[in-house]
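See below for the structure under consideration.
Rule-based calculations on the coordinates, nothing more; no lab input. Bear in mind that the values here come from a model prediction, so they are computed numbers and not experimental data. Because the Cβ atoms are built from the backbone with ideal geometry, glycine has one as well, and the counts that use them run over all protein chains shown.
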Amino acid sequence: MNSDQLLKAYYFLKLNRALEERLLTFYKQNKVVGGLYRSLGQEAISVGTAMALEPQDWVAPLIRNVGAFLVRGFRPRDLFTQYMAKATSPTSGRDCNTHFGDLERGVVAPISMLGAMIPVMVGVGWGSRLQGQDRVGLTYIGDGGTSTGDFHEGLNLASVWKAPMVLVAEHNQFAYSTPTHKQMAITDLVERAKAYAIPAEIVDGNDLLAVYEATRRALQHARSGQGPYFLECKTMRMRGHAEHDDARYVPAELVEEWRGKDPIDRFTRRLLEEFGFSRQQLAEQDEIIARLVEEDAEFADQSPYPEGSQAQGGVFAS
Ligand SMILES: Cc1ncc(C[n+]2csc(CCOP(=O)(O)OP(=O)(O)O)c2C)c(N)n1
């Protein structure tokens, strides 16, 4: 990354976190419709992978990938209004949280069933290959999601067809309340990809630059016609599954250990100590972020709910 990109990465990491912190306040005020799923401690994965994409590539973010939406040009207000089911949201209040996309921005809206986006993104990558276009499809999966049938079928299909697809597995130790060792007899998710002859690597998911560089390698591999690539990003889910879940099943020492590996703290230290940024430069970004988050939070708070009569608009082709 050059220095512009480094500063951008800082901006997106901090924006990702500030946005979710503001959402937490809305949640406590009972203004969020449904659950609030956070990516606390996992921000470097969404931001690092999305920043590695080329503009023509496609990405399918899941609930923990707010950072990918931001990198692709969505604003905090898009997430706020989605979470609050406001008429001004990308789905006009018809769907919640991260259940939205935008074909113009190359963002495919997620399907809730875990693993289902893998065959979809295999199709996106393969379709673009058939059209002679240079696009890679990238999506994400949690450790729990790697135990679904769609994961295995999708990876097998991707490998046999050599589809330009990159799968980023966020190994955050828990699938809801189930620790990885209680749902699979392996410790590394890469084993699952290797079973389908897909090249796979383990990445420190809390190191933004490591994630970015590994994703560049993965995309290069997929783009060159060699087929899919699998990244296992080791990380930790620092909150419950969603905010209603106090995660009492997670040992306190484990959370403490990972608090010391916070991806934003680590990246900030490197910017200051290794890449020559000043505290002043970072503080300027923090101010821009705080203003944007407040402006967009206000916008969402003031936005109306949709009219009932509009419920079917955009659902069926006219
Ligand atoms: C096929 C399927 N089964 C169950 C669910 C309900 N569900 C949503 S998220 C989740 C836990 C996912 O754990 P993991 O894949 O490890 O991702 P994480 O939440 O840790 O990021 C479950 C069981 C679902 N969405 N899809």
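Observations on the model:
- For the chain, relative contact order (Cα pairs under 8 Å, six or more residues apart, normalised by length) works out to 23 percent.
- Approximating the spin labels as points 7 Å out from Cα along Cα→Cβ, the residue 254-to-residue 156 distance works out to 3.1 nm.
- Over region 1-92, Cα pairs under 8 Å with separation of 6+ residues give a relative contact order of 29 percent.
- Paramagnetic reach from residue 247 (point 7 Å along Cα→Cβ, amide N under 18 Å) across region 40-57: 40-47
- In plain terms, the chain from residue 3 to residue 28 could stretch by 5.2 nm, reckoned as 0.36 nm per residue minus the Cα-Cα distance.
- Taking all pairs of distinct alpha-carbon atoms in the chain, Kirkwood radius in angstrom: 20.0
- The slack in the chain from residue 131 to residue 187, taken as 0.36 nm per residue of separation less the alpha-carbon distance, amounts to 16.3 nm.
- Average silhouette area of region 187-318, convex hull of alpha-carbon atoms, in square nanometres: 15.0
- Here the Karplus relation 6.51 cos²θ - 1.76 cosθ + 1.60, evaluated at θ = phi - 60°, turns the backbone of region 127-138 into coupling constants of x, 5, 4, 4, 8, x, 9, 9, 10, 10, x, 10 Hz, with x for every Gly and Pro.
- Rounded FRET efficiency, nearest 0.05, which uses the C-beta distance separating residue 294 from residue 265 and R0 of 22 Å: 0.40
- Region 264-283 and region 193-227: distance between their alpha carbon centers, rounded to Å: 26
- Beta-bridge orientation, the chain: approximately 10 percent antiparallel, per DSSP, counting only bridges with both partners inside.
- Note on region 16-174: with charges restricted to the Cβ of Lys and Arg (+1) and Asp and Glu (-1), its dipole about the Cα centre is near 500 debye.
- Each part gets one Cα centre, and for region 36-113 versus region 138-152 those centres are 18 Å apart.
- Loop-located GluC sites (Glu not before Pro) in region 262-316 whose Cβ has at most 10 other Cβ within 10 Å (DSSP): 274
- Computed over region 165-261, the convex hull of the alpha-carbon atoms projects to a mean area of 6.9 nm².
- Full-extension gain in nm, residue 111 to residue 284, via 0.36 nm per residue minus C-alpha separation: 58.5 nm
- Within region 1-53, trypsin sites (Lys or Arg not before Pro) in DSSP loop having at most 14 other beta-carbon neighbours inside 10 Å: none
- Taking Cα centre as origin and charging only the Cβ of basic (Lys, Arg, +1) and acidic (Asp, Glu, -1) residues, the dipole magnitude of the chain rounds to 420 debye.
- Neighbours of residue 203, meaning other residues whose beta-carbon lies under 13 angstrom from its beta-carbon, give a summed charge of -4 when Lys and Arg score +1 and Asp and Glu score -1.
- Secondary structure note: in region 98-195, about 35% of the DSSP beta bridges are antiparallel.
- For region 96-224, convex hull volume per residue from C-alpha positions, Å³: 118
- Mean residue ellipticity (222 nm) of the chain, computed from DSSP H runs ≥ 4 via -39,500 (n - 2.57), nearest 500: -14000 deg cm²/dmol
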